[in-house]
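Report on the structure given below.
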Amino acid sequence: MHEFKYKNNQFYCESVRVQKLAERFGTPLYVYSYHTLISHFLKLGQAFKKINPLICYSVKANSNLALLRALVKKGAGLDIVSGGELFRALKAGCSPKKIVYASVGKTEKEIEYAIRKGILFFNVESLPELESINGIARRLHKTANVAIRINPDVEPKTHKYITTGKLTNKFGIDLRSARQILLMRGAFTNIRIAGLHIHIGSQITESSPYVEAIRKVVAFIGNLKKERLFLEYLNIGGGLGIIYDKETPQTAKRFARKVLPLLEKTKLKIIMEPGRFIAGNSGILATKVLYVKNTSKKKFVIVDAAMNDLIRPALYGAYHNILTLEAENKVKDKVDIVGPICESGDFFAKDRLLPRVKEGDYIAVMGAGAYGFSMSSNYNSRRRVAEVMVVKDKVFVIRKRESCEDLIRNELVPSFLSGR
């Protein structure tokens, strides 16, 4: 599962007390367990070793260079969705031939950048995008590799904001249109259509949506072969869920048992794009209790972290388990855990039973390794927080806390406003 445990009533990340980290580096603070991160990557590779897939970690889940580098050193490729993520991927030392690039809105500059760097391929989301890539590749006298992103129109049984495989979503191309594109592939003189791609959503805890989507695509691939249309790759995307509360997500082994027979049948090279599955439970957000506020209706625990640091509860109503850093107090209170931001949506939990805390205590928001810092902002002119990585008993700062100067670093005041 993960390397965050109680030992003698104290909460640890690997062999380091989290409270010591909070006191040393200040809060809010993201804390990552290196061994949790790596073990989840290796579990997936082991479960699918029969077909030796290229596992391209999804950078959007957590894009810190140290995490990317740790995974790249273990053999990971990277799944990117912007020019900025391509820059990060290359800085992390990832081979361009292990980088795949999704996104429905790639700009001309981003496409040119990726072609010049020689990435493995673009996951193409529309015919206009394909035409754009072809035109840019022609201008550069290059041939660009692409995979057609298929929208298989399956219900992934997850939150509607992170559903991506329904025809009502903006992502991908329906099967009929994809066939037409493949039949006219000769018209794209500077493109090589190398494969197909699917990605049906995020935080998916059941295998049935994957099986349904993959079956549709496998049947489609079979029909293409009959028409003498041959491919090299099948990218099955990511989206595997993790435990935040009482979910019972599939393990890597169980997922592999369900989909391996289908994937083997294709005889194609398989790519996977896990993000949350690898990073989610590798990180926590440590935060300090500022005040405990009692009203006639509620008891509020006000902490120094806020929705700008971890937006998932405010954005999705997402559940994160919350633990105190000391396990001694057996008395529990029903509380709302909230931050300092001037929004009623600034909360981490509502009506949650929590061991009684007082001002100055610390708590940990669990499962914050994915879509935590990567979705954070400077709202309310709050400085983005520090990040540390724990490797057994060693601690490494992998992002410094922002300063007030960082908040205004790129802002300019016009000369006519400078005088009194």
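Tabulated data for the structure shown
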read-out	value
Residue within the stretch 9-18 that is under 16 Å from the mean Cα position of the chain (by Cα), over 15 Å from PHE373 (Cβ atoms), of a type outside the set (S, T, N, Q) and not assigned by TED's automatic domain parsing to the domain that holds LEU120 present	no
Within the stretch 170-200, considering residues that are among the β-branched types (Val, Ile, Thr) and assigned to a strand (DSSP E or B), the one surrounded by the fewest Cβ atoms within 10 Å (Cβ to Cβ)	ILE193
Filter pass, TYR319 being part of a loop (DSSP other than H, G, I, E, B) and modelled with pLDDT under 95	yes
Conditions (1) closer than 30 Å to LEU224 by Cβ; (2) modelled with pLDDT of 95 or more; (3) out of contact with any Leu (no Cβ under 6 Å at 6 or more places or on another chain); (4) of a type in the set (A, V, I, L, M, F, W, C); number of the one not met by LEU268	(3)
Matching residues in the stretch 201-234 - criterion: being more than 15 Å from ALA256 (Cα to Cα), touching a Phe, Trp or Tyr at 6+ places or on another chain (Cβ under 8 Å) and in a helix (DSSP H, G or I)	LEU224
Of residues in the stretch 333-346 being surrounded by fewer than 16 Cβ atoms within 10 Å (Cβ to Cβ) and acidic (Asp, Glu), the one farthest from the chain's Cα centre (by Cα)	ASP333
Residue within the stretch 337-345 that is touching a Phe, Trp or Tyr at 6+ places or on another chain (Cβ under 6 Å), closer than 25 Å to ALA386 by Cβ and in the same structural domain as GLY369 (by TED's automatic domain parsing) present	yes
Lone unmet requirement of (1) in contact with a strand residue (DSSP E or B) (Cβ under 7 Å, 6 or more places away or on another chain); (2) more than 22 Å from ASN321 (Cα to Cα); (3) among the hydrophobic types (A, V, I, L, M, F, W, C); (4) crowded, with 20+ Cβ neighbours inside 10 Å for ALA70	(1)
Odd one out for HIS40 among (1) crowded, with 20+ Cβ neighbours inside 10 Å; (2) touching a Gly at 6+ places or on another chain (Cβ under 8 Å)	(2)
Candidates GLY280, GLY237 - the one that is within 25 Å of GLY75 (Cα to Cα) and part of a loop (DSSP other than H, G, I, E, B)	GLY237
Residues of the stretch 305-317 classified as crowded, with 19+ Cβ neighbours inside 10 Å and in contact (Cβ under 8 Å) with a residue 60 or more places away in the chain, total	8
Within the stretch 347-403, strands (runs of 3 or more DSSP E) holding 1 or more residues that are at pLDDT 95 or above and surrounded by 20 or more Cβ atoms within 10 Å (Cβ to Cβ)	347-355, 362-365, 386-391
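For every residue, the table says whether it meets (1) assigned by TED's automatic domain parsing to the domain that holds VAL391; (2) over 29 Å from THR324 (Cβ atoms); (3) small (Gly, Ala, Ser); (4) in contact with a strand residue (DSSP E or B) (Cβ under 6 Å, 6 or more places away or on another chain).
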position	(1), (2), (3), (4)
GLY238	no, yes, yes, yes
ALA256	no, yes, yes, no
LYS265	no, yes, no, no
LEU285	yes, no, no, yes
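Residues checked against (1) within 15 Å of the chain's Cα centre (by Cα); (2) surrounded by fewer than 18 Cβ atoms within 10 Å (Cβ to Cβ); (3) over 19 Å from HIS199 (Cβ atoms); (4) at pLDDT 95 or above:
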{"residue": "LYS7", "(1), (2), (3), (4)": "no, yes, yes, yes"}
{"residue": "TYR30", "(1), (2), (3), (4)": "no, no, yes, yes"}
{"residue": "THR36", "(1), (2), (3), (4)": "no, no, yes, yes"}
{"residue": "LEU54", "(1), (2), (3), (4)": "no, no, no, yes"}
{"residue": "VAL59", "(1), (2), (3), (4)": "yes, no, no, yes"}
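The values are calculated or read from the model by the stated rules, or taken from the named source; none is laboratory data. Everything quoted here is computed from the prediction, not taken from an experiment. Using ideal geometry, Cβ is built from the backbone for each residue, glycine included, and neighbour counts are taken over all protein chains shown.
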